[in-house]
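Below is one structure; the comments refer to it alone.
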Amino acid sequence: MATVSPALDAHGHADDHSHGGHHEQSFISKYVFSLDHKIIGIQFLITTLIMLMVGGALALAVRWQLAFPWENMPVVGQLFGLFRTEGGQISPEFYTMLFTMHASVMIFLVIIPILAGAFGNFLIPLQIGTDDMAFPALNMMSYWFMWPAIACFACSFFVAGGTAGPGNGWTSYPLLSDLPQAAPSSGSPQTFWLIGLTLVGVSSMMGSVNYLTTIINMRAPGMTLFRMPLTIWSMFITAILQAFALPVLTAAGFMLVFDRLGTIFPTDIHSVFFIPANIIVNNAAPTVGGGQPLLWQHLFWFYSHPAVYIMLLPAMGMVSDMLACMSRKPVFGYKPMVYSMAAIAGLGFIVWGHHMFTSGMNPALGMTFMTSTMMIALPSAIKVFNWIGTIWGGDLKFNGVMLNCSGFVAMFIVGGLSGIFMAAVPVDIYFHDTYFIVAHFHYVLFGSTLFGVFAAIQFWFPKMFGREMNDTVQRWHFALSFIGFNCTFFPMHLLGIAGMPRRYADPYLHGYLEHLLPMNRFITISAILMGFAQFLLLGNFFYSMFRGKKVGRNPWNANGLEWTAPSPPGHGNFDIAPVVYRGPYEYSSPEAEAIGQDFILQTVPHVKGVAKITHH
Amino acid sequence: MKKFWALFFFFWPTVAIISCVIAPSRGWWFPSPPMSRTGVQIDGLFYLILIIVTITFVATQYVLAYALWKGATKESGSKALFSHGSHKLEIIWTIVPSFILVFISLSQLDVLAEIRVISKFPEKATKVAEVTARQFEWRIRYPKPGTELTTVENPGDLYYVNELHVPTGKPVIINLRTQDVQHAFFSPQLRVKQDAVPGLVIPIWFDVREVGNYDLVCAELCGWGHYKMKARIVAQSQSSVDKYLKQLEADQNADGTKSEAAASGDE
Ligand code: HEM
Ligand SMILES: [Cu+2]
Ligand SMILES: [Cu+2]
């Protein structure tokens, strides 16, 4: 496998010398407060993988309650002080905390940072052929701002004496999230949650400024925009989305904090951005105010709809790269792929209202948002067709990377199609806030993004650690995760059609939902299977880090610049500064054939005697 | 092994389709046929989208699986097809889906307008009650028999909790509001859902086609007791509703007190 392209043969020995001109670094500055984008990327990756397990554990607790309502949790029920008061039983307050923190951890501490933080950091400089990010110190800070955020989220579990963490959903709609009297969780836990959210935002913002600058300014000679791998395009577009959408969430977060000033220090002074007059919560005095709770929903979704694409686009880009490599074919329709990502990003800013179809906003707005939402399914569809076009006729390698990427495409189709039901306002009136939505966003966020990430971990692992992961384990991990995933989330569409609302601690209280208990048990058992399958990934990851088979620079015979650097690249990345002569997807091209391979690195100059290709 | 994986991608969409086909007979489908006129329309639109989506699902999944199958059965070492794409295909698969999507959008507009645009509410719809959500119950206020419902309380109004009586066979309007946080009025059998937003009074209309009891639940997270905001909508003939209200009035007056406290009971 360890083929080194002809262009590199002469330098193949350079691996050990890549540190060349750099002075020795201490352990702390090399691995802890590192300025090296690769170390920061790996720090993000390991942190987010651990958070993935935390979020997963919270999800399984949610599932336990839905399958065995009010029964004591086995094992863990006795472990945590949190449960002990109820003798291992999940209380309704605790249940609201479980799903709130599950979503918050998964979205803000796993999906967003694993894509932009881990893979964005690791891949951007390597794929555009530069030695590091534009602002290495800012980059380091973007990682270290994650920790106070994690600390705030962790504190929010405990500040109210362990009786209630934040329990207002990841969407945190006022007034529940605004008036501290509204619920035990709406006091200081909610404040900690908001501060944690703001800190994650700061981290993302520092990252996106860095990515934008780096991609615009630091591309290797010859790396024109349309020679960039789709991963880089996706990271670029994602960074734009972050940079424009995030300030709105941060502002909304501060507005909510100001409405809740009394939870930070004893004062009666606070703003009323979201608080209307004459609201009586829990027999407290009526509120005084002239605020509008719907304002929060508009601001929140103005960020959070683009954010769902922040949670997907990078995976789309990476999957395009990996599918091309594993099919030994150029990406089908490179430019349509770029334009459709740009269209998704652009349209992504004008569809936020589709989360508010039942909120009572003006029906004329509902019609507009419906049309724009339908239109956003179009670029999504175009991407699917192009991925299938990429696979079509390829010389496919059925390894873990390919399987996870195919899984990504298959699952994205489901998520995109279920979106259409909910984009149709009258139909969404029925489906809004039911399990149909839960099925939809797990198909896009887990089914697509996470399967894409599973593939990306295996694909770029050799570049990160100079060793490869065990492919058999990866394929088992894929099979178990894929089966577990579909058995968990496909039936949720049916629960949604049956009218089961989300965020219910005990749906069976309602006669029309009683008969759904067996299905919920089935879902929970599948979810447990899927959860435990993740230990295969983690085990494989950490084992291979130290014991995996050593590989050379380009174990996959891929074309990108990262594969011309040593594995792992030293500080400064490249031993020979790369110059780019072609696009990243010239697999099986006549020029590649002329040099006796089915790939041709971006650094290989035009091969004499072969007609130049002018596709782009 | 390669073929196994290709078959895997044929296999799962097949299972998915089968599970949807058997779902209605196993009770994994709508809780009941639509019990309101707008519900009938909503279901119609749902099935329209379901057909389009099912065709797309089957086509794309099987083409994907077939592409994998082609790769799996390819002679090993044979060269991959070298192609950067096809302008013609891109045009086709941009234009065709966009027509379908525009068609779906347009097909929704009339029903949406009918349900939500206040000036299009049925002319003879009567305002029967105000429903006020609060943690964690539904408070119902009927106007004093013979008077009109207004947004402010009037002496003689009738109060009840967690049970809403409406006449069948004619459109009725409910004024929806909340006393505390946001809730949502959801009746799965009637296919009605509307958020109750703090500070707003939102009118909703529906007509119930058959006599019966229907669920009223909360569909917007409103705190720990969100799941237990259980109420029912009792649909009965106009004369039965009148009788019910008369009885309610008698009970309330016999009580001798301003009835809100009495009617709302414990929480
Ligand atoms: C084909 C394109 C898509 C369409 C038409 C679509 C449509 C919708 C609609 C209308 C809703 C609101 C449903 C409701 O609350 O009643 C929704 C919710 C959601 N969508 Fe999508 N969607 C699409 C793709 C995606 C993608 C790609 C992602 C993520 C990567 C995503 C993530 C979500 C999430 C997380 C929610 C739920 C948020 C919440 O209420 O907690 N969607 N989608
Ligand atoms: Cu959205
Ligand atoms: Cu509720």
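The values are calculated or read from the model by the stated rules, or taken from the named source; none is laboratory data. Treat the numbers as computed from the prediction; the structure is a model and nothing was measured. No Cβ is skipped: glycine too gets one built from the backbone with ideal geometry, and neighbour counts run over all protein chains shown.
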Out of (1) within 29 Å of the chain's Cα centre (by Cα); (2) more than 9 Å from chain A (Cβ to nearest Cβ); (3) in a helix (DSSP H, G or I), the odd one out for B:Pro33 is which?
-> (3)
Does A:Val338 qualify as being farther than 26 Å from A:Ser104 by Cβ, assigned to a helix (DSSP H, G or I), in contact (Cβ under 8 Å) with a residue 12 or more places away in the chain and not assigned by TED's automatic domain parsing to the domain that holds A:Thr238?
-> yes
In this structure, is A:Leu513 within 14 Å of another protein chain (Cβ to nearest Cβ), assigned to a helix (DSSP H, G or I) and under 24 Å from A:Asn486 (Cα atoms)?
-> yes
Taking the range B:197-218 and keeping residues closer than 17 Å to A:Ser172 by Cβ and within 16 Å of ligand 1 (Cβ to nearest atom) leaves B:Val197
A:His305: within 11 Å of ligand 1 (Cβ to nearest atom) and either assigned by TED's automatic domain parsing to the domain that holds A:Ile232 or in contact with an Asp or Glu (Cβ under 9 Å, 6 or more places away or on another chain) (or both), yes or no?
-> no
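Evaluate the range A:213-228: report whether one residue or more is among the charged types (D, E, K, R), touching a helix residue (DSSP H, G or I) at 6+ places or on another chain (Cβ under 9 Å), within 30 Å of A:Met337 (Cα to Cα) and crowded, with 19+ Cβ neighbours inside 10 Å. Show your work before the answer.
Taking the range A:213-228 first, the residues among the charged types (D, E, K, R) are A:219, A:227.
Now drop any that are not touching a helix residue (DSSP H, G or I) at 6+ places or on another chain (Cβ under 9 Å), which leaves A:219.
Now restrict to residues that are within 30 Å of A:Met337 (Cα to Cα): A:219.
Those still in the list that are crowded, with 19+ Cβ neighbours inside 10 Å too: A:219.
Yes, because at least one residue in the range A:213-228 is among the charged types (D, E, K, R), touching a helix residue (DSSP H, G or I) at 6+ places or on another chain (Cβ under 9 Å), within 30 Å of A:Met337 (Cα to Cα) and crowded, with 19+ Cβ neighbours inside 10 Å.
The rows are residues; the columns are (1) at pLDDT 95 or above; (2) crowded, with 22+ Cβ neighbours inside 10 Å.
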| site | (1), (2) |
| --- | --- |
| A:Gln25 | no, no |
| A:Lys30 | no, no |
| A:Leu35 | no, no |
| A:Gly41 | yes, yes |
| A:Phe44 | yes, yes |
| A:Thr47 | yes, no |
| A:Val54 | no, no |
| A:Ala57 | no, no |
| A:Gln65 | no, yes |
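Could you say which residue among B:Asp110, B:Asp180 is out of contact with any His (no Cβ under 8 Å at 6 or more places or on another chain), part of a loop (DSSP other than H, G, I, E, B) and within 12 Å of chain A (Cβ to nearest Cβ)? Outline the logic, then answer.
Working: B:Asp110 fails: part of a loop (DSSP other than H, G, I, E, B).
From the options B:Asp110, B:Asp180, the qualifying one is B:Asp180.
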How many residues does the range A:561-574 contain that are out of contact with any Phe, Trp or Tyr (no Cβ under 9 Å at 6 or more places or on another chain) and surrounded by 21 or more Cβ atoms within 10 Å (Cβ to Cβ)?
-> 3
When only residues in the range A:286-316 that are of a type in the set (A, V, I, L, M) and in contact with a helix residue (DSSP H, G or I) (Cβ under 6 Å, 6 or more places away or on another chain) count, which is farthest from ligand 3 (Cβ to nearest atom)?
-> A:Met316
Can you tell me which residues in the range B:36-78 are within 21 Å of B:Trp205 (Cβ to Cβ), of a type in the set (A, V, I, L, M, F, W, C) and facing chain A (nearest Cβ under 9 Å)?
-> B:Ile42, B:Leu45, B:Phe46
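So which residues in the range B:215-235 are farther than 30 Å from A:Gly165 by Cα and more than 9 Å from every other protein chain (Cβ to nearest Cβ)? Before you say what the answer is, go through the steps one by one.
Going through the range B:215-235, the residues farther than 30 Å from A:Gly165 by Cα turn out to be B:215, B:232-235.
Of everything in the range B:215-235, those that are farther than 30 Å from A:Gly165 by Cα and more than 9 Å from every other protein chain (Cβ to nearest Cβ) turn out to be B:Arg232, B:Ile233, B:Val234, B:Ala235.
Conditions tested, residue by residue: (1) within 26 Å of the chain's Cα centre (by Cα); (2) within 14 Å of chain B (Cβ to nearest Cβ); (3) closer than 30 Å to A:Tyr173 by Cα; (4) without any contact (Cβ under 8 Å) to a residue 40 or more places away in the chain.
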{"residue": "A:Tyr508", "(1), (2), (3), (4)": "no, yes, yes, no"}
{"residue": "A:Thr524", "(1), (2), (3), (4)": "yes, no, yes, no"}
{"residue": "A:Arg553", "(1), (2), (3), (4)": "no, no, no, no"}
{"residue": "A:Pro566", "(1), (2), (3), (4)": "no, no, no, no"}
{"residue": "A:Gly570", "(1), (2), (3), (4)": "no, no, no, no"}
{"residue": "A:Ile600", "(1), (2), (3), (4)": "no, yes, no, no"}
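Based on what the data block shows, is A:Leu538 out of contact with any Cys (no Cβ under 8 Å at 6 or more places or on another chain) and more than 14 Å from chain B (Cβ to nearest Cβ)?
Working: out of contact with any Cys (no Cβ under 8 Å at 6 or more places or on another chain): yes; more than 14 Å from chain B (Cβ to nearest Cβ): yes.
It is true that A:Leu538 is out of contact with any Cys (no Cβ under 8 Å at 6 or more places or on another chain) and more than 14 Å from chain B (Cβ to nearest Cβ).
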Of all helices (runs of 4 or more DSSP H) completely enclosed by the range A:356-473, which ones contain at least 1 residues that are at pLDDT below 95, within 11 Å of chain B (Cβ to nearest Cβ) and buried (at least 23 other Cβ atoms within 10 Å of the Cβ)?
-> A:363-391
What are the residues in the range B:48-93 that are free of Cβ contacts under 8 Å to residues at least 12 places away in the same chain, among the β-branched types (Val, Ile, Thr) and buried (at least 17 other Cβ atoms within 10 Å of the Cβ), if any?
-> B:Val53, B:Thr56, B:Thr60
Determine which member of the set A:Gly289, A:Gly262 is in a loop (DSSP other than H, G, I, E, B) and more than 26 Å from the chain's Cα centre (by Cα).
-> A:Gly289
Tell me, yes or no, whether the range A:306-324 has at least one residue that is out of contact with any Leu (no Cβ under 7 Å at 6 or more places or on another chain) and surrounded by fewer than 23 Cβ atoms within 10 Å (Cβ to Cβ).
-> yes
Given the conditions (1) closer than 30 Å to A:Leu58 by Cα; (2) touching a Gly at 6+ places or on another chain (Cβ under 6 Å), report the number of the one that A:Asn540 does not fulfil.
-> (2)
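Restricting attention to the range A:587-600, which residues are surrounded by 19 or more Cβ atoms within 10 Å (Cβ to Cβ) and touching a Phe, Trp or Tyr at 6+ places or on another chain (Cβ under 7 Å)? Explain how you work it out, then say what you get.
The initial filter retains those residues of the range A:587-600 that are surrounded by 19 or more Cβ atoms within 10 Å (Cβ to Cβ), namely A:587-589, A:591-592, A:599-600.
The answer is A:Tyr587, A:Ser588, A:Ser589, A:Ala592, A:Phe599.
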Would you mention how many residues in the range A:174-190 are in a helix (DSSP H, G or I) and more than 7 Å from every other protein chain (Cβ to nearest Cβ)?
-> 8
